[in-house]
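The structure under discussion appears below in the form of structure tokens.
The values are calculated or read from the model by the stated rules, or taken from the named source; none is laboratory data. Note that the structure is a prediction, hence the values are computed from the model and not measured. Reconstructed Cβ throughout: ideal geometry from the backbone, glycine too, with neighbour counts over all protein chains shown. Remember, those area values only see protein heavy atoms, side chains included, never the ligands or the DNA or RNA. Shrake-Rupley method; radii C 1.70, N 1.55, O 1.52, S 1.80 Å.
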Amino acid sequence: MTNSEVIFDIDNKKKLAEDLTSQMSLPGFWDDMENSAKTVKQIKSLKSIIEPWGSAFDKYLELKELSEILREEETGLVSDLKRNVDALFSSEIEKLELKTLLGGEFDRNNGILSINAGAGGTESCDWVSMLFRMYSRWAEKKGYKIKTIDVLFGEEAGIKNITALIEGEYAYGYLKAERGVHRLVRISPFDANKRRHTSFASVDVIPEVEEGVDLKIEDKDLRIDVYRSSGAGGQSVNTTDSAVRITHIPTGIVAQCQNERSQFQNKQMALKILKARLYESELKKKEEELEKTYGAEKKKIEWGSQIRSYIMQPYTLVKDHRTEQETGDVNKIMDGGIDGFIEAYLRFSVKK
């Protein structure tokens, strides 16, 4: 058995996938739709590691055999081939390692992204717009779909807050690395005196939960308000009150949607977001109880405790304060090139 097989526990993953697959042929398996869906999802997750690993290992063996049959005097060719073997195998292993870091219950799910402006008026609203563009470009490069659910524009420019659904495999697993306060330092385009300004925006991400998740929401606990959707500068978009805001009275958690075509569609999307936020809230409560039990420290996300800084003047630097990952190529980052930061955080979170 190779070191890689041990690291990725391939044999046990294969056995578990075989056992789960055999369950699918048992009588009554498909009668319980919730459990059958979970089983199918687990099989897909296991195969997403088993199959790429098998493919990479086969390539490795082929190249290794080729290097062994080359004549000894062809030392230069042998060395090049061995380097290519090592590079191929290590790059494939790194991709698989990243997938193993995305093994959370909802990591494969779509993500619901929310960005909110901090103190600073127009500056912070513009910063939210910049961050939303960054995540939109990142999603496009991943082949994900991005759908704006709700947006409140700034009075002069930018966005006060925005909520969007990012649809794609592992969207939540990747984006959970972005939760926290993001800090911008630049010479403001809104300042006639060209002074340097600091702006803050908070990013939150929750998974889109499936219908099968056990979470009961009573109608009597909901307050549903309808209002007129609005665009930038308060311009009316619809002539009817189609936007929907739903408040869960016991918790005060709110979800709203205004970008769908009808009031019914807005209500369904708002309910989906509310359910996701309620489920996330319940998970956080459980985590807090465990932290109290084991004495773990709870780190609060608050203004000033930024997870990442983006400095555009007088020099260029983007630095993640959790992992110490940094780069001077601000333009690349703002154009959606954030995979390096995401991967560094996923590895860091396992070591914590």
Give me the extension gain from Glu167 to Met33: residue separation times 0.36 nm, minus the current Cα-Cα distance, reported in nm with one decimal.
46.0 nm
Give the ranking of Trp53, Trp30 by solvent-accessible surface, highest area first, calculated with a 1.4 Å probe.
Trp30, Trp53
Averaged per residue, the 1.4 Å probe accessible area of segment 110-154, protein heavy atoms only, in Å², is roughly 36
Can you give the accessible area of Lys41 in Å² (nearest 10), computed on protein heavy atoms with a 1.4 Å probe?
50
So what's the net charge close to Ser229: Lys and Arg +1, Asp and Glu -1, counting the other residues with Cβ under 10 Å from its Cβ?
-2
Expected field for Met33, accessible surface area in Å² at 1.4 Å probe radius, rounded to 10, holds 120
Amide hydrogen neighbours beyond the local backbone of Ile253, cut-off 5 Å, H modeled:
His248
Please turn the phi angles of segment 158-165 into ³J(HN,Hα) values with the Karplus equation 6.51 cos²θ - 1.76 cosθ + 1.60 (θ = phi - 60°), one per residue in order, whole Hz, x for glycine and proline.
x, 10, 6, 7, 8, 10, 9, 9
Just list whichever of Lys147/Lys176; Lys145/Lys272; Lys99/Lys284; Lys41/Lys285; Lys147/Lys332 have alpha carbons separated by over 20 Å in the model shown.
Lys99/Lys284; Lys41/Lys285; Lys147/Lys332
Solvent exposure, largest accessible area first (probe 1.4 Å, DNA, RNA and ligands not counted), of Met334, Met24:
Met24, Met334
Could you give me the ³J(HN,Hα) list for segment 246-258, computed from phi with Karplus coefficients 6.51, -1.76, 1.60 and θ = phi - 60°, whole Hz, x at Gly and Pro?
10, 10, 8, 4, x, 9, x, 6, 10, 9, 8, 8, 9
What residues qualify as long-range amide H neighbours of Ile149, i.e. H under 5 Å apart, gap of 5 or more or another chain, H built at 1.01 Å from N?
Thr163, Ala164, Leu165
Once the whole set of protein chains is in place, how much accessible area is left on Glu34, using a 1.4 Å probe, in Å² to the nearest 10?
80
Amide H to amide H, which residues 5 or more places from Ile159 or on other chains are under 5 Å from it, using H placed in the peptide plane?
Asp126, Val128, Ser129, Gly154
